[in-house]
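Since the structure comes first, as structure tokens, the remarks are kept for the end.
The values are calculated or read from the model by the stated rules, or taken from the named source; none is laboratory data. Note that the structure is a prediction, hence the values are computed from the model and not measured. Heads up, the Cβs are rebuilt from the backbone with ideal geometry, glycines too, and the neighbour counts pull from every protein chain shown.
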Amino acid sequence: MSATGQQDRIEPKEGFTADDTPQTFGAYVTAWLVRVRSGDLGALPMVIGLIIIVIIFGSLNETYLKAVNLVNLLLQLSGLTLISIGVVFVLLIAEIDLSVAFVSAVGGVTAALLLRPDDPGFSWPVAIGIALLVTTAIGFIQGQIITRAGVPSFVVTLAGLLAWSGVVLILTTQATTSGTIIIQNDFVVGLANNFLSDFWGWVLAVLIIGGYTGTELLKIRSRRKRRLPNKPISVVVTQIGALTVLIVGVVGYANSDRGLPMAILVVLVFLTFWTFIASRTRFGRHVYAVGGNPEAARRAGIDVARVRVAVFMISGFMAGVGGIVLASRLRSVATNTGGGNLLLNAIAAAVIGGTSLFGGSGRVASALLGALVITSVDNGMGLLGVNSGVKFVVTGLVLLAAVLVDSLSKRGRASSGVA
Amino acid sequence: MTDRPILDCRGVSKRFGAVQALYNVNFEVRVGEVMALVGDNGAGKSTLIKGVAGIYPFDEGEIHFDGESVKIHGPRDTADLGIEVVYQDLALADNLDVVANMFLGREETQRRFILDEAHMENSARATLESLSVTTIRSVRQTVAGLSGGQRQAVAVAKAVMWDSRVVILDEPTAALGVAQTRQVLDLVRRMADQGLAVVIISHNLHDIFEVADRITVLRLGQMVAVLEKEATTQQEVVHAITAGTLDTVPGMDEL
């Protein structure tokens, strides 16, 4: 069923030519350009923005582009990315979770409390397991209230934001007079303070490139078997090549300093897992359907309430994971854990990375891309020594720009009839 | 076309509080025919269809399917019988592509939870092909980018795909332009020619005379006429819709 051959003779009832998969490299690029022009920008604004950020800060401060700063950047973005993955799921069903920052703090504090030597001195798997159970349960409760009582998620999670910040305060001040709980467990501290050796860094690089290549090949084989058109092999090779250059570059550069942080391994594991869930499973498909048209999902027999609750549980779970990584980085939790602009950064990361606030559109990877942009700006301004006031203003403008791009591209899509 | 009805509603009634929405209605559709269901607003068309669709039960009357008496307790029962309803709003998720929409809620999977995209894409193509839908450029296009006629075609293909035997279309041409209406009517005809029983609800008599084999007219919740298209005129149908003879005049019982 080659599209190019049959499109010349238009005989409506003659056969089905319902495919215009580009068959050559040039055609593929052209099709992509058409999509971009009609407003389907994908990750393009983010990539351009990132390049601009790197050029600006790189020219203003010589440390910015050094390997030591790349490793710092990776450390800084880990916790944020993990929390933001949960936010992506919530945004996909056109809801919001304002409680993620303090839920992450609850996770971090719970783990820290359970790990205190002799009191109760749990081993790290137990402590982390209980902490994640707690944050997932929080997501479950909030999700139940939102779906059962029909209260907007904005209000329920806003109440959660206040309540859980209170819980963090109570837990930390009850446990210690100073309000700071030091984490002494080597594994948990190691998450954000240990690094992969050069060898394991390269193993990880090979796994990523091999994994990507493998899934692409499997897809091509499965489509070939059913005689479905594939994208041209030259495009696949180019994509794999670009990924290889990127990964080898990052790993090589990081290895020239301390190496890849353990936390990045955690990020990659969850990123891969949730990407798989979102794009390859029935549950993921139902999440997108609920975000796109809840009524259609309901009539198709999908248990919309269950999907919603599950998504809030994912949000709680990932907030917990992020909270533990953040606690690990500071080697402690304190009364102010989860405060500041962590919440806004987590939501902004998802949006900047390309997840729509209107629901139904976005990818799990946008959490990483968005966190990369936010952390790059934050890190750059930190090196320049600008005060926090300026930092907030700039981060706010970056978020505004991202939301405007989302809104304008949506309008562009609507007017050109392509989505 | 056979004379035996595949779907046969006998003497169905439905009452909402004080309102008798349907009274002793007989309605049937045969294999391979397009049955039009017409009537003014409030005549009971939607009530009849929703009863068949399992949205709510009829108060009285029987439903026979393929010669056997059946009970419909919910939308699932309707789907299990092989009756699919395409509602006016189509119930498509704009952000998903054509394949995903056609399989929504009934995705094909490998190892129970991993989506079998290639298999679904193949089935979707085959169904669209069997309906000779040639206007859709790519089955991997999101539905948001489709025209009204194309969306209708996707919704119909979705209904046809599940080995369905009766397809009920609620106002399929109401929001469409001339060329797209043409496409949808052609599609309706082809479905019937392939051995499906098609029920089409419409206000547009022109469309109905173009595509239907028979016409059932409802008025004030009662069935007032079943007309063969070949043996009737638009005037006769309009007369039946506005002034058809009623068995009982609503409110008579209370007098």
For segment A:92-139: of the residues being of a type in the set (Ser, Thr, Tyr) and in a helix (DSSP H, G or I), which is surrounded by the fewest Cβ atoms within 10 Å (Cβ to Cβ)? A:THR136
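Table: residues versus (1) within 19 Å of A:VAL54 (Cβ to Cβ); (2) modelled with pLDDT of 90 or more; (3) part of a loop (DSSP other than H, G, I, E, B).
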position	(1), (2), (3)
A:ARG306	no, yes, no
A:VAL309	no, yes, no
A:GLY323	no, yes, no
A:SER328	no, yes, no
A:ALA346	no, yes, no
A:ALA349	yes, yes, no
A:LEU357	no, no, yes
A:LEU368	yes, yes, no
A:ILE374	yes, yes, no
Per the filter on segment B:1-30, residues touching a Gly at 6+ places or on another chain (Cβ under 6 Å) and in a loop (DSSP other than H, G, I, E, B) are B:MET1
Go through A:ILE181, A:ILE233 for me and flag whichever is under 27 Å from B:ARG125 (Cβ atoms), over 27 Å from the mean Cα position of the chain (by Cα) and not acidic (Asp, Glu). A:ILE233
Of the conditions (1) surrounded by 17 or more Cβ atoms within 10 Å (Cβ to Cβ); (2) part of a helix (DSSP H, G or I), B:HIS206 satisfies every one except a single condition; which number is it? (1)
The condition from (1) more than 24 Å from B:ASP94 (Cβ to Cβ); (2) buried (at least 18 other Cβ atoms within 10 Å of the Cβ) that B:LEU131 misses is numbered (1)
Is there a residue being within 30 Å of B:ARG137 (Cα to Cα), in contact (Cβ under 8 Å) with a residue 60 or more places away in the chain, of a type in the set (A, V, I, L, M) and more than 14 Å from chain B (Cβ to nearest Cβ) anywhere in segment A:242-251? no
Yes or no: A:ARG227 surrounded by fewer than 15 Cβ atoms within 10 Å (Cβ to Cβ) and either at the interface with chain B (Cβ under 9 Å from one of its Cβ atoms) or among the acidic types (Asp, Glu) (or both)? yes
Tell me which helices (runs of 4 or more DSSP H) are completely within segment B:43-142 and hold 2 or more residues being facing another protein chain (nearest Cβ under 10 Å), or say none if there are none. B:75-81, B:98-102, B:117-130
May I ask you to verify whether A:ALA149 is more than 20 Å from A:ILE85 (Cβ to Cβ) and buried (at least 24 other Cβ atoms within 10 Å of the Cβ)? no
Hey, does segment B:215-234 have a residue that's in contact with a Leu (Cβ under 9 Å, 6 or more places away or on another chain), in a helix (DSSP H, G or I) and modelled with pLDDT of 90 or more? yes
